[in-house]
Structure formats: structure tokens, C-alpha cells
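To start, the structure under review is shown below, and the notes come after it.
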Amino acid sequence: MEAQNITIPPPLLPRERIIGILKEHEVRMDRWGTGTYRSLDDFIEYMTHDQFSFRPNGSPVLIVDVHTVVVIVTHVYNRRLLELYEDRQVFDNGHVIKRHNFNGIAETLERDESPRDGAMRCLAQELRFTDPRDYHLSGCTTIDHREPVPSEKWPGIMAAYHRYLFGCVISRRIFRSGGYVESVPGRKIYFKWKPRGQLDLAL
């Protein structure tokens, strides 16, 4: 049975108010936009277009709630069940990120987007799977609400991830044994396959 969820995007905040809240919480932004960190403009873009918002908890530590869709992509190849994972991100400035704390492919949900539409957009954007006839996408199997952790993108704030999980089995036609590469401004993201039994990451 598909997991149900109802989310109401919070009111849009003007740029000045977003910056004001960051300053009220004494968030240092001097490292934002350097190395592998995202910029203030990126932060405001997320606040404007995605299900990404401040948590009104009265805490001196600033927390953002981030609603993401996660798709577990699998394929049977030579009688082995393979699962796709993000191997690394390579930035134009030479920095490399290898993350080990999550599985699948993921995208932040847009403000008025349903989880299923987000899952299909995730497949199209990250892997260029644009024809639904080439894969079978499950319903949302789990909604995973995680505790706040230090943000990887913006130092000085905490991020609480709400993950909507889907399963996806792809056809032979779009299977690439060497994996896939997503090119986005400033970096490339490399996805590879592993036998599912070798994946230690929990859903």
C-alpha cells in the first residue's frame, strides 16, 4: 500500500526576510559559495522553488525542513540484482565529494509537486530516463522523517530530511553497465552499480 502524505508549502518569504532570519540566528555565511558549499543565492532559490523551509522551533540553532524524493533503482544483470548508488560528485574547482549516508538517487521536491511526480522528474534529470515505458516505478513505499543533522550544503544550519521512498526496476534498454553521469552547473555526479547484497545503507 502506498504511503500517504499531505504537505502544504509554507508561505513564500522575500529575500530580505530570509537573510534577516539567517542573521537573527547568527549564521556565518563567509564560507557559503566556497569549496563544495552552496551560495546564499542557491539557498534563496531552494526557499523559493522547493519544499525547503525554516522550522519555527524557537531554538537558537536554525533548522530547515527539506522534503526529498528518493528512488532506489535496480536491475537484474547476469542473474544478479544490482542497485544504483551515487559514487561521487566532482566539482569544476577540483573538489570531490563521496557520500556514504544515504542510498538511491534523490531530488528535493518542488513546492507544488507530488512525491510521484518528483520521483519521475528525479529519474529524468539525474539519469535521463524520460520514457516511463522503460522502467517500473512503484508507489511511495515509505516516508522517512530524519532527525536534524549539520547541513552539507550550508554550514552553520541544521537540516531535517523528510524522504519519500520509491522503488524503480529498469529495463535492459536503458541499463548501462558502466553507470551514468549527471552534469549540472559547477559539477558532475557519477552513479555506479553494486550488487544489492553489498549495499550496507538502510532505507
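Some observations on this one:
- Any chance D65 is under 19 Å from R146 (Cα atoms) and either out of contact with any Leu (no Cβ under 8 Å at 6 or more places or on another chain) or buried (at least 16 other Cβ atoms within 10 Å of the Cβ) (or both): yes
- Within the stretch 23-38, restricting attention to residues that are of a type outside the set (D, E, K, R) and under 20 Å from R99 (Cα atoms), the residue that is surrounded by the most Cβ atoms within 10 Å (Cβ to Cβ) is W32.
- Candidates T34, T68 - the one that is over 28 Å from F129 (Cα atoms) and hydroxyl-bearing (S, T, Y): T34
- All positions within the stretch 76-134 that are among the charged types (D, E, K, R), under 17 Å from R187 (Cβ atoms) and buried (at least 19 other Cβ atoms within 10 Å of the Cβ): E86, E107, E126
- Of the strands (runs of 3 or more DSSP E) lying entirely inside the stretch 115-203, those containing at least 1 residues that are without any contact (Cβ under 8 Å) to a residue 40 or more places away in the chain and out of contact with any Phe, Trp or Tyr (no Cβ under 6 Å at 6 or more places or on another chain) are 135-137, 142-145, 180-184.
- Candidate set: the stretch 149-197, residues that are in contact with a His (Cβ under 6 Å, 6 or more places away or on another chain) and among the β-branched types (V, I, T); chosen: the one nearest to L137 (Cα to Cα): V169
- Residue that is modelled with the highest pLDDT, among those in the stretch 1-22 that are loosely packed, with under 10 Cβ neighbours inside 10 Å and of a type outside the set (V, I, T): E16
- Restricted to the stretch 51-62, and to residues there that are buried (at least 19 other Cβ atoms within 10 Å of the Cβ) and not in a strand (DSSP E or B), the residue that is farthest from the chain's Cα centre (by Cα) is L62.
The values are calculated or read from the model by the stated rules, or taken from the named source; none is laboratory data. The shown structure was predicted, so the numbers you read here are calculated from the model rather than taken from an experiment. All Cβ positions, glycine included, derive from the backbone under ideal geometry; neighbour counts span all protein chains shown.
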